[in-house]
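Contents: one structure, followed by commentary.
The values are calculated or read from the model by the stated rules, or taken from the named source; none is laboratory data. This one's a predicted model, so the numbers in the text were calculated from it and none came from an experiment. Every residue, glycine among them, receives a Cβ derived from its backbone with ideal geometry; neighbour counts consider all protein chains shown.
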């Protein structure tokens, strides 16, 4: 059996990374950018950090901002039409997962117009052509969408989110500059940071995990767990480390898959518009406890990476509990809600469970789960 690994051809990291964008555009000979960024980032001047560089260099661009959290099929379709009207030949995606995912779908459909309905991209997307050349500039330290072959779109008509998996959507350049993340409010730092930890942990225990992905994930767990609190407090070095940690997690999980946390989180975002990071953060410890029997010695590695003391002397039951408890403690430290009481309604549980079981991430979970199991997990958090 062989294992495939897909990564960005080029990536830049650290403070000042955005200074490389102009040189890359000129080197590739691109003529006009669609700058895809959400209204909030434009309003608060975050997008301007990049567009100022384009202006100074005399590079042509137009902004597309019809992007919302949990982006919809309509956002994508509107973006495709806007790209055509602009006469653009590349995309600069500036934002969190929403801007990135919208841009990926737009870029894919431009070069694969037979998927213009968007829905047909769900799952392992059978596209033939790479997406429009894309420079991805993340503004949150969590989704790692700049280095993944995945994107998630919301079908508002059917009240569900669907995952698209396609190596053709990989941004040609990732620019991970902590400066672009400097204005994140504490709540967003917490949610996206815990989303990054979820990526690393689910990627480490997923069915498709192997030695190369394990290397990325265990290091990501270490970096994230040791820096998320400092980042939450606004520490500059903590923000830089989180930017790196979430990218490393993305290098792994994009290639091996996730699991039940994401499968259960996606319906919460689709049905209640719950921020994805918040949904993952609330679910993670409980799903970790559920998955524990199917994880071998991996929770031992997780506990050690998170800095739990005395793991070497613990029994299997003890180190599994220690890993779950360490995640719970981090969630509390960065103000993540403890339960789903304010989110989930009991009358929706059957639909939510069906959606989770149909999610593309579900198949990667290390422990099988029935509809009843999923409902029980939701209920335990209500």
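Summary of values
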quantity: Set 244, 188, 212: member being surrounded by fewer than 23 Cβ atoms within 10 Å (Cβ to Cβ), modelled with pLDDT under 95 and not in a loop (DSSP other than H, G, I, E, B); calculated: 188
quantity: In region 347-371, the residues that are under 13 Å from residue 259 (Cβ atoms) and in a helix (DSSP H, G or I); calculated: 356, 357, 362, 363, 364
quantity: Residue that is modelled with the lowest pLDDT [pool: residues in region 171-185 that are buried (at least 24 other Cβ atoms within 10 Å of the Cβ) and assigned to a loop (DSSP other than H, G, I, E, B)]; calculated: 184
quantity: Residue in region 85-131 that is modelled with the lowest pLDDT, counting only those that are surrounded by fewer than 24 Cβ atoms within 10 Å (Cβ to Cβ) and on the phi > 0 side of the Ramachandran plot; calculated: 123
quantity: Residue 293, sole failed condition from (1) in a helix (DSSP H, G or I); (2) touching a helix residue (DSSP H, G or I) at 6+ places or on another chain (Cβ under 6 Å); calculated: (2)
quantity: Count - residues of region 119-156 that are without any contact (Cβ under 8 Å) to a residue 12 or more places away in the chain and outside any helix (DSSP H, G or I); calculated: 1
quantity: Listing of helices (runs of 4 or more DSSP H) fully contained in region 1-57 that carry 1 or more residues being loosely packed, with under 15 Cβ neighbours inside 10 Å, modelled with pLDDT of 95 or more and touching a helix residue (DSSP H, G or I) at 6+ places or on another chain (Cβ under 6 Å); calculated: 48-57
quantity: Single match in 344, 332, 374 (criterion: surrounded by 13 or more Cβ atoms within 10 Å (Cβ to Cβ) and assigned to a helix (DSSP H, G or I)); calculated: 374
quantity: Among the candidates 116, 93, residue that is touching a helix residue (DSSP H, G or I) at 6+ places or on another chain (Cβ under 6 Å) and in contact (Cβ under 8 Å) with a residue 60 or more places away in the chain; calculated: 93
